[in-house]
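Here's the structure, in structure tokens; my notes come after.
Every number here is computed from the coordinates shown, using simple stated rules; none is lab data. Since the structure is predicted, the reported quantities are computational estimates derived from the model, not experimental observations. Using ideal geometry, Cβ is built from the backbone for each residue, glycine included, and neighbour counts are taken over all protein chains shown.
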Amino acid sequence: MNAGKIGICAAPRQADPVRLRGIMKKILILMLCLAATTFSQNREETESTARINPEKPTVYLSYVCQDEKKIHLRMNNNTIWHVYVEVDKSYFPTKKPIQLQNGAKVYAIPNNEKIPVFYYAERDQLEDVKGIKIPKLEYHFTNGGGWLASNDSILFSVPIELLRKGLKIYVEFFYEWEMAKSGDTRKEPEHRVYFRGADIGSLNTGIKATACQK
């Protein structure tokens, strides 16, 4: 007669809580790194496909020329989207109808024409110019605005004293995909595009002060 074997079950070993927290921390850091890498790659891919000219910024201001009183700039839309800009006109009798992503059908601002753009001025924190004051801006603008079509640009001018060294101007805009069907964009982030007075004549930018041709 075979004697039955009696098995003895050992109590399960309890995990060290300190060691367990360390493992969980490493896993969490790894997950965050993977998420950040994926987000960065997706952002780079989106920006690269959204730019028409991959060597230029998405929306930017560029220098054109200047005279005794004004500096003339160009606002460039280097994206596949239409962007909205505040200007001193609410209607443009153009022959360029466009359709926004929310389905609205509108007319684009005339391409490559002089448009009274609504801009702002502020101090340039990158330049150590003490005591510089911002000249008072006086606007008599109507509640107007328009759409700068994809790959289009518009011209505008600002008083030369607003682009002295130590000052800069900016223009606000928003993308078509930020507009709801109701037309509301108040909950979306604010976009600004800048131009610095110190960039004119700077060796870093290569922008030379050029007189406008009459």
Check your understanding: In nm, to one decimal, how far is the Tyr170 label point from the His72 one, both placed 7 Å along Cα→Cβ?
Key -> 2.7
**Study point:** Full-extension gain in nm, Arg123 to Lys25, via 0.36 nm per residue minus C-alpha separation
**Key:** 30.8 nm
Check your understanding: What ranking do Val158, Val85 get, fewest neighbouring Cβ atoms within 10 angstrom at the top?
Key -> Val158, Val85
Point to revise | Positive minus negative residues near Glu86 (Lys, Arg vs Asp, Glu; Cβ under 13 Å) | key: -1
Exercise for review: Compute the Cα gyration tensor for the stretch 97-214, then decide on rounded, prolate or oblate, letting a ≥ b ≥ c be the square roots of its eigenvalues: rounded whenever a/c is under 1.5, prolate when a/b is larger than b/c in the other cases, and oblate in all that remain.
Suggested key: prolate
Review point. What dipole magnitude, in Debye to the nearest 20, does the stretch 59-199 give about its Cα centre under +1 on Lys/Arg Cβ and -1 on Asp/Glu Cβ?
Key: 140
Revision key, fill the gap. Net charge (Lys, Arg +1; Asp, Glu -1) of residues whose beta-carbon lies under 10 Å from that of Ala198, Ala198 excluded, is +1
**Study point:** Cβ-based exposure ranking for Met179, Met75, in which fewest neighbours within 10 Å come first
**Key:** Met179, Met75
Practice item. Grab the other residues whose beta carbon is less than 15 angstrom from that of Ala209, score K and R as +1, D and E as -1, and report the net. Key: +2
